[in-house]
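All remarks here apply to the structure that follows.
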Amino acid sequence: MSDPFLRSGLRPDEIPADFVVDQRFEAYSPADHETWSRLHRRQAELLRGRVCDEYFEGLDALGIAADGIPNFRALNRVLERATGWQVVAVPGLVPDRVFFTHLAERRFPAGFWIRRPEEFDYIEEPDIFHDIFGHVPLLMNRSYADFVAAYGAAGLRLTEPDDLARLARLYWYSVEFGLIETNAGLRIFGAGIASSPGETIFALESTSPNRIGFDTTRVMRTRYRIDDYQQSYFVLPGFDAMPELDEAPLSAAMAAARAQSELGPEAVLSGDRLLHRGEGTHHQPPQQPLVA
Ligand SMILES: [Fe+2]
């Protein structure tokens, strides 16, 4: 993985303990704004009819448009009034406890740099397009916003690495790669999907991956791929069904997950609410998957 500090152009001694830096909005070049515009136009077009309505409602209310990279100050004026959240600029991925603290206090750490034109289709670490276009629209939704804050608080309470890994799977399979059932049909809400043109189509329309009803303990047992599209997507019946992360319900789900075996990302169980059984064709031939 390339060094995120290098990507941000900041030296380590310019980065404070909470990793929050100025967005340096004036420093974006016309080429940076053009990259944003191209990404936005392509992805907004693809997402029509594929992403949940709440996503576009948030995007429009926040004024996240194709005309250029958004200024966090303008976003925060709207976001803070709606759900008490704000976006803060960070140089790249931040340590877990820093990340959890920001989320628990309703600050969403967003990379402020944008990918280079030659990385248009794929980057390893999240840039401003993934973080702002992918995540921030749904922070306008009360249930999603509360879930992400509760996730941060839960991360601060847990100390065992295995428990933290189980918690991370809940975030991965919902906030990053979640699907949701709506009156209009199956829709995307995960930011990892919503910011990726390839996965937008794959997650929703490919016959390859499993699509399984979301169950908190089941998801906590399920490892995930970090090197390719997901082999299984989990489907929430609605935003009201985001997992309960207060101390008592999370402890109960965690205890149940600890008592059962871990599952591979391709697993299908007899007790699953299976919306689609994947043919697995995309991930053939079998290889040693990179999982976390
Ligand atoms: Fe993300």
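The values are calculated or read from the model by the stated rules, or taken from the named source; none is laboratory data. Computed from a predicted structure; not experimentally measured. Neighbour counts run over all protein chains shown; Cβ positions are idealised from the backbone, glycine included. Note: areas computed on protein heavy atoms with side chains; ligands, DNA, RNA excluded. Shrake-Rupley method; radii C 1.70, N 1.55, O 1.52, S 1.80 Å.
Some observations on this one:
- Rh by Kirkwood over Cα pairs, then Stokes-Einstein D for region 1-157 at 1.306 mPa s and 10 °C, µm²/s: 99
- In Å, descending, principal axis extents of the Cα set of region 210-278: 34, 27, 26
- Set of region 187-210 residues, backbone N closer than 11 Å to the point 7 Å along the Cα-Cβ line of Glu279: 206-209
- Applying 1/(1 + (r/R0)^6) with R0 = 35 Å to the Cβ-Cβ distance of Glu247 and Ala65 gives a FRET efficiency near 0.30.
- Temperature 10 °C, viscosity 1.306 mPa s: under these conditions the Stokes-Einstein estimate for the chain, based on its Kirkwood radius over C-alpha pairs, is 81 µm² per second.
- Both radii are taken from the alpha-carbon atoms of region 161-292; with Rh as the Kirkwood radius, Rg/Rh is 0.94.
- A cut-off of 5 Å between modelled amide H atoms, ignoring neighbours fewer than 5 places along the same chain, links Arg273 with Gly213.
- Net length available on complete extension from Arg24 to Glu119 is 32.0 nm, with 0.36 nm assigned per residue and the Cα-Cα distance removed.
- Principal-axis tilt of helix 30-47 within the chain, Cα atoms, nearest 10 degrees: 30
- Using a probe of 1.4 angstrom and keeping all protein chains present, the accessible surface of region 103-210 works out to 31 square angstrom per residue.
- Our helix-only sum for the chain, with -39,500 (n - 2.57) per DSSP H run of n ≥ 4 divided by its residues, gives a mean residue ellipticity at 222 nm of -11000 deg cm²/dmol.
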